[in-house]
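Bear in mind these aren't lab numbers, they're just calculated from the coordinates by the rules spelled out. These numbers come from a predicted model, not from an experiment. Using ideal geometry, Cβ is built from the backbone for each residue, glycine included, and neighbour counts are taken over all protein chains shown.
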């Protein structure tokens, strides 16, 4: 996975748009996962994955018990 600094301008823009959509669609204590982000935000796997990882890193989402487990929006 690329780090934030290695993203192209197009990937960065896509991530920001997806993150903005996530904030509008998910509320505190909602379940959130890569597949939910993909479906609700009409985005691809890698954008959804980067968005979820960034939200976890920023402390806005609590990671599930496993990598593929559903996470919790804080």
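What's the angle, to the nearest 10 degrees (0 to 90), between helix 9-25's Cα axis and the longest principal axis of the chain?
20
Anyone know which of 50, 39, 63 comes out most mobile in the 10 Å Cα GNM of the chain?
Per the Cα network of the chain with a 10 Å cutoff, 39 tops the list.
Label-point separation (nm) for residue 11 and residue 62, each offset 7 Å from Cα along Cα-to-Cβ?
That separation, rounded to one decimal, is 3.1 nm.
Considering the chain as a Gaussian network with a 10 Å cut-off on Cα pairs, which listed residue, 51, 20, 43, attains the greatest mean-square fluctuation?
With Cα springs under 10 Å in the chain, the top fluctuation among 51, 20, 43 is at 20.
How big is region 10-64 by the Kirkwood estimate over distinct Cα pairs, in Å?
Taking the inverse mean of 1/r over all distinct Cα pairs, region 10-64 comes out at 11.0 Å.
So if R0 is 30 Å, what FRET efficiency would residue 28 and residue 53 give, r being the distance between their Cβ atoms, rounded to the nearest 0.05?
0.95
For the pair residue 45 and residue 21, how long in nm is the line joining their label points, each one 7 Å along Cα→Cβ?
About 1.8 nm, to one decimal.
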